[in-house]
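Down below is the structure, laid out as structure tokens.
The values are calculated or read from the model by the stated rules, or taken from the named source; none is laboratory data. What you see is a predicted model, and the numbers here were worked out from it, not measured in a lab. Please note: Cβ atoms are built from the backbone with ideal geometry, for glycine as well, and neighbour counts cover all protein chains shown. These area figures cover heavy atoms from the full protein model, side chains too; ligands, DNA and RNA do not enter into them. Shrake-Rupley method; radii C 1.70, N 1.55, O 1.52, S 1.80 Å.
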Amino acid sequence: MKIDVLLGLQWGDEGKGKVVDALSPGYDVIARFQCGPNAGHSLEFNNKKHILHLIPSGIFHPDKLNVIGSGLVLDPAVFREEILNLGHPVEELTRRLVISARAHLILPTHRILDAAFENRKGSLKIGSTLKGIGPAYTDKASRNGLRIGDILNPSFREIYEIHKSAHLEILRSYDFNPDISAYEEGWFEGVDLLKRFRIENVEYLLNEQAASGRKILAEGAQGTMLDVDFGSYPFVTSSSTISAGACTGLGISPRLVGDVFGIFKAYCTRVGSGPFPTELFDDTGELLRKKGCEFGATTGRPRRCGWLDLPGLRYAIMINGVTQLFMMKSDILSGFSKIMVCTAYKYLGKEVKEVPFDNNAAIEPVYAELDGWEEDISKISDYDALPENLKRYIGFIEGQTGVPITLVSVGPDRNSTIFR
Ligand code: GDP
Ligand code: IMO
Ligand code: MG
């Protein structure tokens with residue numbers, strides 16, 4: 001059985017949590033493959049909104065197995081808070097969730113290092129969520145990291161202290177002398193809670209599940225434009241957010257990957273610094289932010305808003321091998337008389353269709369103008385009942401990308417989802 005991958009094609013917050021939750025009934029296993037508490041995945045059902053950071057978005061379905069893969073960096077303090085806020089007994093959750101022994105730990109000092117490094121960056125600040133992501137992945141790559149499996153070592157506390165001292169030494173050179181004792185307490189309570197869960201070599205588990213015909217959905221975090229290799233570096237996160245990241249983050253072969261679901265908002269948003277060619281600084285941008293409630297699920301920061309960027313979308317489709325597109329937040333575009341779509345960039349005096357390497361390049365979007373629609377579509381469940389101009393918008397994007405849009409989302413609830 002092939003493993004399907006679902007991931008964001010823009011700068012994150014496309015609506016991955018909502019869609020994974022909506023698709024979960026069709027899968028047996030839902031597995032997160034990278035990053036960690038910088039993610040904020042929202043999902044909604046029974047008039048209640050839930051925000052997940054580390055835990056896969058299939059967790060609310062009692063009969064599904066959720067997996068935290070090896071590619072993640074996990075902060076036990078965040079994990080504990082998230083588990084206790086889910087509203088289900090821990091005993092029950094230990095049956096629904098398995099954690100990779102190979103995933104790395106975010107130490108309390110990684111969070112402070114994140115702040116210290118960001119502080120030094122001046123005008124080049126990334127706008128990090130300051131959850132310790134960059135420093136934890138740095139330690140992983142430099143072979144200085146601690147992994148989830150290490151918490152089972154009877155000498156874990158001593159090993160932890162050695163790592164902490166090394167971090168504190170770096171922090172002193174940045175004039176940071178933090179008191180981490182309060183955070184550390186919650187962190188170790190999180191370590192104790194982690195020990196109640198299955199900590200395993202999940203690469204065996206996932207490969208065995210696939211071999212026995214169980215359906216697996218790999219859930220990405222962030223988006224392609226935040227990928228450490230192919231995003232707008234250095235304004236990116238520190239992991240592989242692309243479909244290849246599902247292989248390295250879960251221990252599955254590329255030959256096992258089936259569909260790649262690429263999800264995008266009907267417009268664009270970005271939180272944090274970095275290039276954003278179609279960003280709107282006017283009333284239209286403000287209206288998108290207001291109508292779309294575009295405020296970060298992890299930090300509450302206002303998201304930057306703009307029109308859909310097709311050169312970016314085509315780039316992301318190419319990098320990921322997207323087989324189906326899912327369009328999110330289509331309801332937010334109701335009421336705009338004209339909808340602009342960026343089809344190319346003007347760059348160095350020429351019209352180009354590629355995403356340039358240079359983040360500081362003066363890029364001017366080349367727009368196509370499409371007619372909008374007035375109707376409220378948030379209660380529509382049948383594709384044919386959607387306004388004609390929305391269907392034209394969908395057809396235009398399909399024509400420009402060559403990939404079918406097979407799911408149209410019209411609201412935050414799991415039921416506000418139109419399958420074609
Ligand atoms: P994720 O990080 O990709 O899971 O996305 P976030 O949860 O950070 O941000 C998406 C936001 O849009 C959340 O507040 C969702 O509840 C909301 N949302 C998702 N899909 C839709 C939709 O189709 N329409 C509307 N109006 N809101 C949506
Ligand atoms: P989800 O999974 C949107 C952004 C941050 C910052 C940059 C680096 O909810 O889509 P980091 O904390 O990794 O050092 O931040 O990446 N960022 C996200 N933006 N959605 C996310 O996740 C993000 N995770 C990180 O704002 O610009
Ligand atoms: Mg989010």
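Pull out the extension gain between N177 and E354, defined as 0.36 nm times the separation in residues minus the alpha carbon to alpha carbon distance; nm, one decimal. Kindly include the intermediate steps, with their values, before the conclusion.
Numbers: separation 177, 0.36 × 177 = 63.72 nm, distance 4.54 nm.
So the chain would gain 59.2 nm between N177 and E354.
Return the single residue from V352, V271, V228 with maximal mean-square fluctuation; model: Gaussian network over the chain, springs between Cα atoms under 10 Å.
Checking each option, the largest mean-square fluctuation is seen for V352.
Express in nm, to one decimal, how much length is gained between A361 and T406 on full extension, taking 0.36 nm for each residue of separation and deducting their alpha carbon distance.
Length gained, A361 through T406: 12.8 nm.
Tell me, what % of the accessible area of the chain is carbon and sulfur with a 1.4 angstrom probe?
Numbers: 8940 of 17490 Å².
So the carbon and sulfur contribution to the accessible surface is 51 percent.
Antiparallel versus total DSSP beta bridges in the chain: what percent is that, nearest 5?
40
What pairs from K290/K329; K16/K140; K329/K391 go past 20 Å between their alpha carbons?
The pairs that break the limit, which is 20 Å between Cα atoms, are K16/K140.
Roll a 1.4 Å probe over the protein heavy atoms and report the accessible area of I380 in Å², nearest 10.
40
Round to the nearest 10 and give me the degree value, 0 to 90, for the angle of helix 181-194's Cα axis relative to the longest principal axis of the chain.
90
For q values of 0.08, 0.09, 0.10, 0.13 Å⁻¹, compute log₁₀ I(q)/I(0) with the Debye formula on a Cα-only model of the chain, without solvent.
Rounded to two decimals, the profile gives -0.43, -0.54, -0.67, -1.13.
Quick one: ranking K49, K291 by accessible area, 1.4 Å probe, largest first, what do you get?
Most to least solvent-accessible, the answer reads K49, K291.
Considering amide H positions built from the backbone, and no H for Pro or chain starts, which residues 5 or more places from S232, or on another chain, come under 5 Å of its amide H?
D227
Stretched out fully, how many nm does the piece from E189 to D283 gain, at 0.36 nm a residue minus the Cα gap?
Extending this stretch completely gives an extra 29.2 nm.
What is the list of residues in region 254-295 whose amide nitrogen lies under 16 Å from a point 7 angstrom out from the Cα of S337, following Cα to Cβ?
283-284
Hey, can you find the accessible area per residue of the chain for me, probe 1.4 Å, expressed in square angstrom?
Value for the chain: 42 Å² per residue.
Please list, ordered by chain and number, the residues whose modelled amide H lies under 5 Å from the amide H of V67; skip anything fewer than 5 residues away on the same chain.
I30, A31, R32, V98
If you take all C-alpha pairs in region 296-420, what percent of them are over 20 Å apart?
Summing the P(r) tail past 20 Å for region 296-420 gives 51 percent.
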